[in-house]
Amino acid sequence: MNITVKINEEKNGVELHFPAMPSPEILDRLRADRAWRYHRVGKYWYARRTPATLAFAEALEAGEAIPLSADSPQAEKPAKSQRKPSYEMKYLFSGYRDANGTYYKGSWRLCDGFADGKRAYQIEFSGDTYGNLPLPAGAEFINNSDSMTDYFERSSWFISPDCPDFLGVLEAWEKQEEHDRKRFEKLDARRGVKNDRESRIAYKQRLGLNRADAAASVDREDEDKRRKEAERFAYVAEARRLAELFVSARAESNGHALENAKAQMLKSISAYQDSKREERLDSQRKTALRMVETARQRGNCIELDGIAFVMDSSSFTELFSGRCGMEYTLNAVDTISGDRIYSGTFDSAEARKRKIIDILRDKTMDSEARRDLVSIGTEAVNV
């Protein structure tokens, strides 16, 4: 039989045109394969163009043995170890379904390994209900509602990489992130928001910055965004790696491998928290040094024995008593390391001056620096 194969470029499809009624064997194959449909008007069979459907059509045209598409129910199924893992529940981007098919709506959140302390590499599900939630194996349920104090909060649970369903939950979180990204892109398009570089520079210029400063600000924002995206990618990759270690250990029923996976998870959590702690300290040092530089320009900073003392004052009025007064602030910063030695407020400039003397007394200071300090009058520190 002279069979014609046509490629529909417009619809990215494959068409099979038969000069007469196909044989029962070919019809059975076409009907059994879910990829193929019959066009009643055009009198031809069609399918989406994929490697499987192209191979099927070419073999049919050449009169060779007809291979089955992967979508066909008769096609050979992959080995059990290669199939997509099955989980206790079905996890969706907007919630999950339990074993009975009951849907529980909520949202997913990837816990910050530093701010959340012990919950590094964990994922939280925040439900839209105040009642109980069905939990996957190993998850921790949280609800601190207290009817005695009339406090109620929605239920939630946390799941860690050592739980069997963690990879399914992680996939649901990734789907939620992608869904939110597309939703915000559509919202920005409807509002006419432009996020390209030139539009952002123009916006900052309207706020009062010149073009050079606006461009530098946009570049800093882009660099910070790229850095955070890289950190988030590495964080998610490590969570997936830890979960796969536990999956492999459970599949092999290897107790030693399971203990090794637990040790690696604790080690990863500790290393991540240490790196984030150092990063936060470094950020605080940079902030302190910028504060010192600003104070130098304003003239409310004195530097003695490698320490910059930033002083400021402000008036206050208490809301209920109506008492008025002055508040004197002091920030002591190591000008070399950027460490903040002291930060506090005082009722008088004299008390602040005494604190400066106490700070310098704790450090090794030569007599000349001490004489400079004593010579500072109240007017010098009453900024």
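The values are calculated or read from the model by the stated rules, or taken from the named source; none is laboratory data. As the structure is a computational prediction, the values presented were derived from the model and not from experiment. Positions of Cβ are generated from backbone atoms using ideal geometry, with glycine treated the same way; all protein chains shown enter the neighbour counts.
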Note on V193: of the conditions (1) among the hydrophobic types (A, V, I, L, M, F, W, C); (2) in a helix (DSSP H, G or I); (3) at pLDDT below 90, unmet is (2)
Taking the condition of being surrounded by 15 or more Cβ atoms within 10 Å (Cβ to Cβ) and within 21 Å of D162 (Cβ to Cβ), how many residues in segment 263-288 meet it? 6
Exactly one of these conditions fails for S321: (1) touching a Leu at 6+ places or on another chain (Cβ under 6 Å); (2) loosely packed, with under 14 Cβ neighbours inside 10 Å. Give me its number. (1)
Residues being modelled with pLDDT of 80 or more, assigned to a loop (DSSP other than H, G, I, E, B) and more than 23 Å from Q264 (Cβ to Cβ): count how many of those fall in segment 81-133. 14
Members of segment 147-190 found to be under 26 Å from Y121 (Cα atoms) and in a loop (DSSP other than H, G, I, E, B), listed by number: E153, R154, S155, S160, P161, D162, C163, P164, D165
Would you mind finding the one in R220, R232 that is under 30 Å from L266 (Cβ atoms) and surrounded by 10 or more Cβ atoms within 10 Å (Cβ to Cβ)? R232
Options P161, P136, P78, P67: the member that is closer than 30 Å to E25 by Cα, outside the structural domain of E9 (by TED's automatic domain parsing) and either surrounded by 15 or more Cβ atoms within 10 Å (Cβ to Cβ) or at pLDDT 85 or above (or both): P67
Single match in I307, I336 (criterion: touching a Gly at 6+ places or on another chain (Cβ under 9 Å) and under 20 Å from Q284 (Cα atoms)): I336
Assess whether G325 counts as being assigned to a strand (DSSP E or B) and at pLDDT below 90. yes
For segment 91-141, which residues satisfy the criterion of being more than 19 Å from the chain's Cα centre (by Cα) and touching a residue at least 60 places away in the same chain (Cβ under 8 Å)? Y96
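Please work out which residue is surrounded by the most Cβ atoms within 10 Å (Cβ to Cβ), limiting yourself to segment 336-350 and to residues that are part of a loop (DSSP other than H, G, I, E, B) and acidic (D, E). I'd like the intermediate steps shown before the answer.
Of all residues in segment 336-350, those part of a loop (DSSP other than H, G, I, E, B) come to 336-339, 347-348.
So of that shortlist, the ones also acidic (D, E) come out as 339, 347.
Values: D339: 14, D347: 11.
Checking each candidate, the answer is D339.
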